[in-house]
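The values are calculated or read from the model by the stated rules, or taken from the named source; none is laboratory data. In this text the structure is predicted, and so the values were computed from the model without any measurement. So basically every Cβ, Gly included, is an ideal-geometry build from the backbone, and we count neighbours across all protein chains shown.
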Amino acid sequence: MIRNVGPAVGLPFLVALCAAAASLAVLAHLAGATREVLAFTFLLVCPGYALLGVWKQKHNLQRLVLAVAVSVTVEAIVSEVMVYARIWSLDGAMLLLAAMTIGAASLDITREVFSLRRTSAETNVLE
Amino acid sequence: MPFEWHSLTPDTGDPTSTAGVPVTEADTPVSREPTDSQVVYPRSSPFPLLRQRVPFALLVLAIALWATSLSHISPSHMSDYGFTSVLPLSFFLSVGVMIGGYVLALRVRPLSAPILWAYNVVFIVVIRGTPQIVYPAVRYSWIYKHAGVVDYIMRHGTVDRYISFLGIYHNWPGFFALGALYTEAAGLTSALAFAGWSPIFMNILYTGALLLLMRSETRDERLPWLGVWLFGLANWIGQDTFAPQALAYFLFLCMIAVCRRWFRGGVPLWEWSMVPARVRAGRFSSFFDRRIPREYPPALSAPYRVALIGMLLGFFVVIASSHQLTPFLTLGLITLLVLCGHCSLRWLPVVMAAVIAIWLLGPAFPWVSANTHTLFGSLLTLDANVQGSLKNTAVVPFAQRVVAYAARGSALVILLLASAGFMRRRHDGRWKPAMAIGVIAPLPWIALTSYGSEGIDRVYYFALPFLVFYAASAFYPQIGSGRSVRSGIALTTITLGIAATLLLAYYGLDRMNLMPRDELRAVTYVTATSPAGSLLVTAASNDPIQFHDYEHFSYLALTDMFYNSKPGTYPLSRVISVMQGPYPSAYLMFTTSSAISIHLYADSSPGLIPRIEAEASTSPAFRLVYRSSHAVVFQYQPGVTSPPASHSPGT
């Protein structure tokens, strides 16, 4: 059993959860502060944080700064493509970004879980 | 093993001792020198625990003083000195306590990153956030125009590259498309709902990006923290708002940080030694001839390398599609870094140039082809560019002269500190050429463009991250130095001085940046009641207009109409001749914020705008449709007798 997953699994899980919640809030046309908080948190941090996780970056403040930079970069490119292709769709953009985020976070979680299992098995053998 | 983000570059006293140490993904650079936190300092205080708690206590005190000050600020009583003129004593005390506390926090061992971060965030909230908290509406008239472009994209789902007004934004829409996504995703109707908080958010991001950049240059942990503090104190350029420049600047900092952290080094294409010996044989020859330790890039695996390069290219594509000037400044800096062997991606400048060319000749071509004079008119006109960028202190009110000199004084102090820091580092053989290149790279742009009379400001803005690195080095030239009480007092005194200039320079124009709610109501009234295609004539370009349905109007500012021309004996007739054009309806609007901007900038002939307002109020050709304490709107009555022909306008 994995007893101590820590931020390596917990944070990507939170990021995926935030992506799912934000896109649901948008698709369900939720109004008010909850949607604002979810949307801003997701858009500002999550896509970049999840993508940087694929490259095995440590969980620290520098990652957070670059996560914001990568997030706004990905979102600006997605928005611009939609603007120039005249296919502007909030739902489409949110679904695309959420799928990207959840996919990347899942990859990170899976890898971390396997890595922890391997470490745990090695420890048992040694014990 | 995960990649190490804190892969710091050795920064030892001896430049050759650790140069060329390759860095692997798993390791930090091998160095014989400890970091600053590893140095064992003599116990300088008999109360170390107390000393660690004092910065925290001072921060709490500063927050309390600031919170107390908020209820005593009355923005409507501002004088020509700007927001500073209505700030109570407790606000200044709060800033002073913060500065003292930060200097103390820098002296505590080991350094407490949470406390230093807390200081930076609180300082940003106090300086950049107070106007947003106490002002009745979002600060800066230009933010309303930016919100208008976001509103256009939200309603149309696209841009109009040939649009008559604010066309430049439709040709560089990256920031606005992003703004539309955020506004819609949050379920808001206008970007104005969050735009006012941008300065806080952007400055926190700048702090993070600058730490990333400076930590790649030094192992002294105090230096980056002092650098970001000085950056916050010396950044009086109001470009941290809801604007394309703010986003592009953040990505610019990230690009340089990524280049310096993971793609440092490389074979230089140019070296000082290539200059003929007789040219080199000057005063500084011994300095430049000194061997600069060659940098080696970390040994990255292929997937990491590809990911980082993808990140860099993504950043630059967004910069190039969002802002006009930043791509060129970024290209210039990275080209110099590559040429001098401080960035190993030798092909990067070529790709960046191609991205710029593709954007200019593709999506932005409608604007570029129609504005060649704007683009190239100020090319190589150094004198005009400098004169245009500097406020003409001879004509503006005395208070604005003080504000202008405060801004120049702040820049001068930073320059002097940076020079001192450079010299102190030079003596130790650690002058960090990459940072010096960062200072030098933006300079040619003073000669290349006036950038709407903001050329020098922008050059200073782009050199600032590198200037503050050297300025911080003036206090901490090497690990373990700058720990004397005298040094602490000097740092406190100088930063207090820079803070004083910041308060004057950053808030100096706030009398015109303050947008009364009355004016917003007047604009909303006009846009709600007038038919599409109407003309809106304003006194100056400083009204909170164009924030929604902006494409339904044509716009004209009286200050532009009468720019460099004599108003004549009856200036209103000239206004009427324009309003008689093919518009279904035409409005003439006078607001307090425009009147103040004309006063502060000395933008038109003295008394001209009040005279036009007085003439309109008595002319039968105009009907008063809206009046409040801060705004007056007249509607032009077509067909009603015009002023006498003898009152024809001058030219």
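In the condition set (1) away from chain A (no Cβ under 14 Å); (2) closer than 30 Å to B:Ala357 by Cα; (3) not hydrophobic (A, V, I, L, M, F, W, C), B:Pro110 is compliant with all but (2). For the stretch B:405-450, the set of residues classified as without any contact (Cβ under 8 Å) to a residue 24 or more places away in the chain and among the aliphatic types (A, V, I, L, M) consists of B:Leu412, B:Leu416, B:Met423, B:Leu443, listed by residue number.
No other residue among B:Gly332, B:Gly310 is assigned to a helix (DSSP H, G or I), modelled with pLDDT of 90 or more and either farther than 21 Å from A:Val72 by Cβ or assigned by TED's automatic domain parsing to the domain that holds B:Phe176 (or both) apart from B:Gly332.
For the stretch A:59-71, the criterion of being over 20 Å from B:Ile319 (Cβ atoms), in contact with a helix residue (DSSP H, G or I) (Cβ under 9 Å, 6 or more places away or on another chain) and not in a helix (DSSP H, G or I) is satisfied by at least one residue.
Scanning the stretch B:187-211 for residues that are buried (at least 22 other Cβ atoms within 10 Å of the Cβ) and at the interface with another protein chain (Cβ under 7 Å from one of its Cβ atoms) gives B:Leu205, B:Gly208, B:Ala209.
Looking at B:Tyr583, B:Tyr570, B:Tyr601, which is the one that is aromatic (Phe, Trp, Tyr) and at pLDDT 90 or above? Result of the check over B:Tyr583, B:Tyr570, B:Tyr601: B:Tyr583.
Could you tell me whether any residue of the stretch B:206-217 is over 24 Å from B:Trp262 (Cβ atoms) and either without any contact (Cβ under 8 Å) to a residue 40 or more places away in the chain or not charged (D, E, K, R) (or both)? Checked the stretch B:206-217: no residue is over 24 Å from B:Trp262 (Cβ atoms) and either without any contact (Cβ under 8 Å) to a residue 40 or more places away in the chain or not charged (D, E, K, R) (or both). Within the stretch B:447-461, none of the residues are more than 26 Å from the chain's Cα centre (by Cα), at pLDDT below 95 and crowded, with 23+ Cβ neighbours inside 10 Å.
Taking residues in the stretch A:75-89 that are touching a residue at least 24 places away in the same chain (Cβ under 8 Å), and partners anywhere that are assigned to a helix (DSSP H, G or I) and hydrophobic (A, V, I, L, M, F, W, C), the pairs with Cβ atoms closer than 9 Å and at least 6 places apart or on different chains are A:Glu75/A:Leu43; A:Glu75/A:Ala93; A:Glu75/A:Leu97; A:Glu75/B:Ala177; A:Glu75/B:Leu178; A:Glu75/B:Leu181. Filtering the stretch A:20-58 to residues that are of a type in the set (A, V, I, L, M), in a helix (DSSP H, G or I), buried (at least 16 other Cβ atoms within 10 Å of the Cβ) and within 12 Å of chain B (Cβ to nearest Cβ) leaves A:Ala22, A:Ala25, A:Val26, A:Leu38, A:Ala39, A:Leu43, A:Leu44, A:Val45, A:Leu51, A:Leu52, A:Val54.
Exactly one residue out of A:Ser79, A:Ser71, A:Ser89 is more than 7 Å from chain B (Cβ to nearest Cβ), over 12 Å from A:Val15 (Cα atoms), of a type outside the set (A, V, I, L, M) and buried (at least 20 other Cβ atoms within 10 Å of the Cβ), and it is A:Ser71.
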